[in-house]
1. I'd like the GluC sites (Glu not before Pro) in the range 1-96 restricted to DSSP loop residues with at most 16 other Cβ atoms within 10 Å, sorted by number.
2. Mind giving me the nanometre distance, one decimal, between the label points for ARG211 and GLN24, set 7 Å out from Cα along Cα→Cβ?
3. Full extension from ASP488 to LEU138: what is 0.36 nm times the residue separation minus their Cα-Cα distance, to one decimal in nm?
4. Out of residues 5 or more away from VAL399 or on other chains, whose amide H comes under 5 Å of its own, with H placed 1.01 Å from N in the peptide plane?
5. What shape does the range 102-250 take by its C-alpha gyration tensor, where a ≥ b ≥ c are the square roots of the eigenvalues and a/c under 1.5 counts as rounded, a/b above b/c as prolate, and the rest as oblate?
6. Relative to the present Cα-Cα distance, how much length would full extension add between LYS120 and LEU470 at 0.36 nm per residue of separation?
7. So what's the net charge close to GLN380: Lys and Arg +1, Asp and Glu -1, counting the other residues with Cβ under 13 Å from its Cβ?
8. What are the ³J(HN,Hα) couplings of the range 177-192, residue after residue, when phi is run through the Karplus curve with 6.51, -1.76, 1.60 and θ = phi - 60°? Round to Hz, x for glycine and proline.
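No value in this document is a laboratory result; all are computed from the given coordinates. In this text the structure is predicted, and so the values were computed from the model without any measurement. Here the Cβ positions follow ideal geometry from the backbone for every residue, glycine too, while neighbour counts run over all protein chains shown.
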Amino acid sequence: MLQGTASDVGKSVITTALCRIFKQDGFRPAPFKSQNMALNSYVTEDGKEIGRAQGAQAEACGIEATTDMNPILIKPVRDMHSQIVVHGVPFAQMSASDYRQHFLPEAKQTVMDALNRLRKTYDIVLMEGAGSPAEINLKDRDIVNMNLAGWADSPVILISDIDRGGVFASIVGTLELLEPHEVQRVKGFIINKFRGDLSLLQPGLDWLEERTGIPVLGVLPYIRDIQIEAEDSVVLDSMRHGRSGKRELDLAVIRYPRISNFTDFDSLSREPDVNVRYVTSPEELGQPDAILLPGTKDTIGDLAFLRESGLEQAIASQTERDHVQLVGICGGYQMLGQHLKDPFAVEANQIQEARGLGWLPLSTTFLEHKQTVRASGHVQQRHSIRLYGDQDSVDSMPVNGYEIHMGVTECHDAKQVTALFEIAHPGGQPFQEGWGSPDGKVWGTYLHGLFESDQFRRSWLNGLRQGKGLAPLQETYSAHERKEMEFDRVAESLRSALDMKRVYEIMGIQYRDPASTVND
Ligand SMILES: NC(=O)CC[C@H](N)C(=O)O
């Protein structure tokens, strides 16, 4: 099991890299995070919702993700309230204290059943903890760190982040706050995000090993520009300005408080001519070529944020500019309409209604059923998205994605707008999805992951280029291949820094040199 001395020390990325290493070494690994608090989610093949990071880790393992890999997902909404998703479907809306008092005592069985199923199916189950195991106020009801390691009788590797400083204090302090039997589970440390001179660090490592009797398994270099999907929005703090250097297309994603599934825009930011910025105020909005309203766990609450922050107004004046497009995905799509209502209080624990931004003749009602499903199809109306390319190629252009929403959106004046896609859910009939203004200036869709469709992504960007008087770019990349290459790159980096022989020993598995597995 991998645990960390704090949040964001790199547990998820290291877990992903280890998943890939074990796969490369000829094992069948699977990831497991008993409980995850995140707004970036992933839809499994059978239409269930889990944390995005576990979905990506399953991909690194080369297997289909299932809800056993993340049986409990907490999606924070508002005022200490969260939606609790159990085995991929919403179970309840709860306050933090209710969750602790009423849910957690019952959760052990759910967690252990899921883990045991994975253990029966796979050679190695890589468990990932959450936050720090030394939060003494939370320890009695813990189901995700040391209690889980105990129930599963698993060794623990403790990860700490040296980039923020205080790495020795974090490690020694964590051990100090654990029970002796918990300390005994810790079989090694990983020091992550190191940028300095290893020889200067060595005396500290020797001291640490001597003081604790626990080995340092590796010091991992700071890996730049990691392109593995992020678990949650901490990473967005570093994306205010996007990448350094001027790019021809400037895309502004509105970062509202409950932004969800912002991984939707990762594939855009990897195009050579694009800069993606995450903005929270009218000043930051600047003069982008497209404004992207992303998904949100709390559409009505985040709409209020747009109004209070002055962004509604700023977005409207920027959208007036000739070539600029305003695009909404999922919650952002719902906002583009005229009216929203939540009669069952599914979004924020209170019944509410709101006026939308009013760009499209749509209204959305939030229902108790959550739609979580993969979808695929093709473009139906290229003009409503301002796609670039000749008619034949664009009209049959494939699109893939997934839906995660409780809102149902209806159009009450189909003459004013055009449907964007014809898509189908697995085994279902094709239907029209997404609406846009006939001139393609404003459009929205429920399809998350849309920009991972390579041809579509490039054609949309080329449409924006055309609007700016720039020549189209022919080249694009395969989002799928890029993801695979990134798993390999991060695995390679981990392998060269980590004592894998010892890691296998800790797991009780005899080390096999990767070179020799070919003939096994
Ligand atoms: N993924 C999303 O953006 C969800 C939008 C909205 N919160 C809904 O559930 O309908």
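1. Working: sites: GLU45, GLU49, GLU59, GLU64; in loops: GLU45, GLU64.
Taking the range 1-96 and a limit of 16 other Cβ atoms within 10 Å, the loop GluC sites (Glu not before Pro) found are GLU45, GLU64.
2. So the two model labels end up 3.3 nm from each other.
3. Details: separation 350, 0.36 × 350 = 126.00 nm, distance 3.61 nm.
Fully extending the segment from ASP488 to LEU138 adds 122.4 nm.
4. Amide H to amide H, under 5 Å and 5 or more residues apart or across chains, VAL399 pairs with GLY377, HIS378, VAL379.
5. Working: a/c = 1.99, a/b = 1.23, b/c = 1.62.
Cα axes put the range 102-250 in the oblate bin.
6. Working: separation 350, 0.36 × 350 = 126.00 nm, distance 5.58 nm.
That pair, LYS120 and LEU470, stretches by 120.4 nm at full extension.
7. Numbers: positive: ARG382; negative: ASP395, GLU422, GLU433.
Combined, the nearby Lys, Arg, Asp and Glu give -2.
8. Once rounded to whole Hz, the list reads 8, 8, 6, x, 5, 6, 4, 4, 6, 6, 9, x, 10, 10, 9, 10.
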